[in-house]
Amino acid sequence: MSTLSPWIAGPLVVGTFLFLLWHELRHPLRKNIESKSTRQVRNFAIGALGAVASAAIETPLIQTLAHIVEARQWGLLGIFTLPVWVNIGITLLLMDYTFYVWHVLLHRVPFLWRFHAVHHVDLDMDTSTALRFHFGEVLASIPWRAAQVVVIGLTPFTFSIWQVWFILCVMFHHSNISIPIVLERLINRILVTPRMHAVHHSNVPEETNSNWSSGLTLWDWIHGTLRLNIPQQEIVIGVAAFGDPQSVALPRLLAMPFKKQPDYWRLDDGRTPAQRLESISPDQMLS
């Protein structure tokens, strides 16, 4: 088996996406600022351009590289002969951590942030936000992805497993679904959840610079970057300088990384959104 069968991956991804969309309509976590249909069309368009860039450049390069890695037994996993399920488990763990590092770089490196900001300036957050990555960010990630494949030792099969895992996690934690707080606290001990990731999408810079994990919550625990103690109804989704719906129209978003950048975290009145200082522990999730 060279890759995970598309007859398994496709229905799993599409089915999860549709389920989350349906759940958002029935049990939303936060009220929408913009029209949901307008945002979704915009996010689908940005996601489609990113998918084209991925299919045209990233996928052929990474798949070819993964075949070479498998044939020559490169990387950490190429050193050992392990059962398939152990190989998959280690792959998911290492890819999840190295994506945590990449996510931090997307925020810390100004050139990368230009592109990643397109994802963050969404005025609401729901499952469609999981598709909203500028094609420039997709292209910029290729060298990092290639390094992950070579250093870890991913085969086409283990890479395809990770891709599906990653997509499912990203759709879930971007979704605007209201999960009973007791249940979400249990899930959040292991996985990034919607309430946790909403803090990362806050327009308060100190809150955005937390909760970097995409799959396992573990990495934020280890690095001390976990922050859960923000009431969901107090979170303003987005980036301070892009609070006007006109500023996040589709043509402006596509051109945004190539233009002079504003002071991202300053509101129109010159203020920076204030950090909330909750008296409870940062790792205590609030409803």
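Amide H to amide H under 5 Å from ILE177: which residues, 5+ apart in sequence or cross-chain, H placed 1.01 Å off N in plane?
Those qualifying (amide H under 5 Å, at least 5 residues apart or on another chain) are LEU29.
Using helices alone, what [θ] at 222 nm do you get for the chain, with -39,500 (n - 2.57) per DSSP H run of 4 or more residues, divided over all residues and rounded to the nearest 500?
-16500 deg cm²/dmol
What's the angle, to the nearest 10 degrees (0 to 90), between helix 84-108's Cα axis and the longest principal axis of the chain?
Between helix and principal axis, roughly 40 degrees.
Roughly what angle does helix 6-26 make with the longest principal axis of the chain, taking Cα atoms, 0 to 90 degrees, to the nearest 10?
Once rounded, the angle reads 10 degrees.
At 10 °C and a viscosity of 1.306 mPa s, what translational diffusion coefficient does Stokes-Einstein give for the chain, taking Rh as the Kirkwood radius over Cα pairs? Give it in µm²/s as a whole number.
My calculation gives 81 µm²/s for D.
So how do 169-176, 201-208, 107-114, 89-96 stack up, highest first, on mean other-Cβ count within 10 Å?
Details: 169-176: 23.2, 201-208: 20.5, 107-114: 14.1, 89-96: 18.5.
Ranking, from highest mean packing down: 169-176, 201-208, 89-96, 107-114.
Along the charge dipole of region 136-287, pointing to its positive end and built from +1/-1 on Cβ of Lys, Arg, Asp and Glu, which listed residue (ILE230, VAL164, ASN176) has its Cα farthest out?
Working it through, the farthest residue towards the positive pole turns out to be VAL164.
With r as the distance between the Cβ atoms of SER279 and ALA48 and R0 = 45 Å, compute the FRET efficiency 1/(1 + (r/R0)^6) and round to 0.05.
According to the calculation, E is roughly 0.50.
Taking Cα atoms, how many degrees apart are the long axis of helix 59-72 and the longest axis of the chain, rounded to 10 and kept between 0 and 90?
Rounded to the nearest ten degrees, it is 40.
I'd like the distance between the alpha-carbon centres of region 252-280 and region 127-190, rounded to an integer number of Å.
Between the Cα centre of region 252-280 and that of region 127-190, the gap is 25 Å.
Give me, ordered by chain and number, the residues 5 or more places off LEU191 or on other chains with an amide H under 5 Å from its own placed amide H.
Excluding prolines and chain starts, which carry no amide H, the hits are THR217.
Computed from the coordinates by the stated procedures, all read-outs in this text should not be read as laboratory data. These figures come from a predicted structure and were not determined experimentally. Note: ideal-geometry Cβ built from the backbone for every residue, glycine included; neighbour counts use all protein chains shown.
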